[in-house]
Amino acid sequence: MLSRATINRILVRAGQVTPAPAKRPKSSYIRFQAEQPNETWQSDFTHHRLTRPDGRPGSDVEIITWLDDHSRYALHISAHPRITAVIAHTTFLQAAQLHGYPASTLTDNGMVYTARFAGGRGGRTALETELRQQNIMQKNSRPNHPTTCGKPNGSSKR
């Protein structure tokens, strides 16, 4: 009995199958960016394992970044044992103190940024409350669409 992969290979070689990509090609992505500085700040975080001076694996950290979406300027970058909603809010305030407030923010739907998918528990994160108080538009990517927020660093989310 032949495997599915073998049958597929035979049919492709014979020109009987039209290949269709499983994913949309990257060339079809539409590039977008804010038109003005401080129009939109984008935030995300990524995981990284540190290396000790002797070369052995060190501790894990999470690195949060706030970027100006127009210039791609890093407004804030810091590493923490684990990114929390408090850290997302605090780092936003630190960036705002140095650079002024943005008109909007763009993040994924991680619980450090928004509680709207918290499973009915309701409420808001401190960042959501701050943005509302400052009249800053909060934009979140659509669930399961990481390319919206993955401009500089296709980072992983929790």
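Would you please name the residue that is surrounded by the most Cβ atoms within 10 Å (Cβ to Cβ), looking only at residues in region 46-81 that are touching a Pro at 6+ places or on another chain (Cβ under 7 Å) and without any contact (Cβ under 8 Å) to a residue 60 or more places away in the chain?
Of all residues in region 46-81, those touching a Pro at 6+ places or on another chain (Cβ under 7 Å) come to 49, 51, 61, 67-68, 70-72.
Next, only the ones that are without any contact (Cβ under 8 Å) to a residue 60 or more places away in the chain stay: 49, 51, 61, 68, 70-71.
Working: Arg49: 9, Thr51: 10, Val61: 17, Asp68: 21, His70: 16, Ser71: 13.
So, considering only residues that are touching a Pro at 6+ places or on another chain (Cβ under 7 Å) and without any contact (Cβ under 8 Å) to a residue 60 or more places away in the chain, the one surrounded by the most Cβ atoms within 10 Å (Cβ to Cβ) is Asp68.
Of all residues in region 112-124 being surrounded by fewer than 17 Cβ atoms within 10 Å (Cβ to Cβ) and within 30 Å of His70 (Cβ to Cβ), which is modelled with the highest pLDDT?
That would be Arg124.
Need the failing condition index for Thr84 against (1) crowded, with 19+ Cβ neighbours inside 10 Å; (2) under 30 Å from Leu50 (Cα atoms); (3) out of contact with any His (no Cβ under 6 Å at 6 or more places or on another chain), just the number.
Looking at each condition in turn, Thr84 falls short on (1).
How many residues does region 97-118 hold that are out of contact with any helix residue (DSSP H, G or I) (no Cβ under 9 Å at 6 or more places or on another chain) and not in a loop (DSSP other than H, G, I, E, B)?
Final tally of qualifying residues: 3.
Of all residues in region 87-107, which are crowded, with 21+ Cβ neighbours inside 10 Å and over 15 Å from Met137 (Cα atoms)? Before you say what the answer is, go through the steps one by one.
Narrowing region 87-107 to residues crowded, with 21+ Cβ neighbours inside 10 Å: 88, 91-92, 95, 102, 105-107.
Answer for region 87-107, where residues must be crowded, with 21+ Cβ neighbours inside 10 Å and over 15 Å from Met137 (Cα atoms): Ala88, Thr91, Ala95.
From Tyr101, Tyr73, grab the single residue that is modelled with pLDDT under 95 and either over 16 Å from the mean Cα position of the chain (by Cα) or of a type outside the set (Gly, Ala, Ser) (or both). Break it down into steps so the answer makes sense when it comes.
Numbers: Tyr101 fails: modelled with pLDDT under 95.
The match here is Tyr73.
Which of (1) more than 19 Å from Asn140 (Cα to Cα); (2) surrounded by 22 or more Cβ atoms within 10 Å (Cβ to Cβ) does Ser43 not meet, given it meets every other one?
(1)
Tell me which residues, restricted to region 54-89, are within 15 Å of Leu127 (Cα to Cα), not polar (S, T, N, Q) and not in a strand (DSSP E or B). Break it down stepwise before answering.
Looking only at region 54-89, we keep the residues that are within 15 Å of Leu127 (Cα to Cα), and these are 64-66, 83-89.
From what's left, not polar (S, T, N, Q): 64, 66, 83, 85-89.
Matches in region 54-89: Ile83, Ala85, Val86, Ile87, Ala88, His89.
The values are calculated or read from the model by the stated rules, or taken from the named source; none is laboratory data. The model shown is predicted, which means the values in this text are computed figures rather than measured ones. Using ideal geometry, Cβ is built from the backbone for each residue, glycine included, and neighbour counts are taken over all protein chains shown.
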